[in-house]
1. Does H152 count as farther than 23 Å from L63 by Cα and out of contact with any Pro (no Cβ under 9 Å at 6 or more places or on another chain)?
2. Kindly list, by first and then second residue, each pair from a residue in the range 10-21 that is outside the structural domain of Q52 (by TED's automatic domain parsing) to a residue that is among the aromatic types (F, W, Y) and more than 6 Å from the ligand (Cβ to nearest atom), limited to pairs with Cβ atoms under 6 Å and residues at least 6 apart or on different chains.
3. Of everything in the range 122-137, what is among the hydrophobic types (A, V, I, L, M, F, W, C) and modelled with pLDDT of 70 or more? Give them in sequence order.
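The values are calculated or read from the model by the stated rules, or taken from the named source; none is laboratory data. Quick caveat, the model's predicted, so the values are computed rather than measured. Please note: Cβ atoms are built from the backbone with ideal geometry, for glycine as well, and neighbour counts cover all protein chains shown.
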Amino acid sequence: MITLYDSRFSLNCYKVRLLLALLGVPYTRQPVDIRKGEHRAPELLARYPFGQIPVLDTGALALRDSQAILVWLARRHGNEQWMPTQPEDEALVNAWLAASAYELRLGPYEARLRKRAPFLCVTGDTQANNTERALQLFEERLRGRQWLALDHPTVADIAAFPSLAHAGDGDVDLGGCPGILAWLDRVRGLPGFVGLLD
Ligand SMILES: N[C@@H](CCC(=O)N[C@@H](CS)C(=O)NCC(=O)O)C(=O)O
């Protein structure tokens with residue numbers, strides 16, 4: 001049985017509940033109280049290191065990120081309507097998923113959060129913390145493995161490379177991140193690699 005780590009107030013969790021309902025997929029809900037910090041409880045963090053909900057535990061996989069979960073649900077339990085495989089259609093759907101994760105996140109999502117849960121909002125002061133957290137997550141992921149998502153390079157590596165390769169432009173020091181540094185070199189070694197200004 002699928003388990004959704006969920007908060008009834010979270011819009012990202014709601015996206016997942018909505019598609020589960022539309023697809024008629026049975027699941028159990030595991031409520032997580034963010035105000036009480038339950039999303040950062042050590043036993044949860046050990047299994048789901050990003051410390052955010054939603055997380056969908058499929059039995060085989062602990063899947064995070066509402067967009068990624070929607071894609072998995074559509075592929076596993078839906079049909080072509082929800083997540084097409086025709087490359088141009090798939091690209092359009094992916095582009096709009098990305099707009100939900102970025103433009104909507106920075107706009108109306110953040111506006112609601114500012115009213116309901118200002119302690120979760122990103123401000124200038126928290127930028128350094130966010131950077132540290134991101135580096136920690138990527139470093140943990142890349143220590144002892146070659147590539148980010150699978151055991152071969154994927155678009156996930158390509159998507160992450162520019163921000164990490166050019167972290168120094170923002171005075172972000174990767175000196176304490178040997179896993180990331182080794183991975184950066186691995187990406188640079190891919191046949192046909194080009195640099196930012198090449
Ligand atoms: N990119 C993630 C963002 C998830 C996210 O921001 N979740 C919020 C609840 S809606 C959360 O867990 N916030 C707690 C925190 O970041 O500490 C997604 O789309 O699922």
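1. Criteria not met by H152.
2. Correct list of pairs: empty, since none qualify.
3. A128, A134, L135, L137
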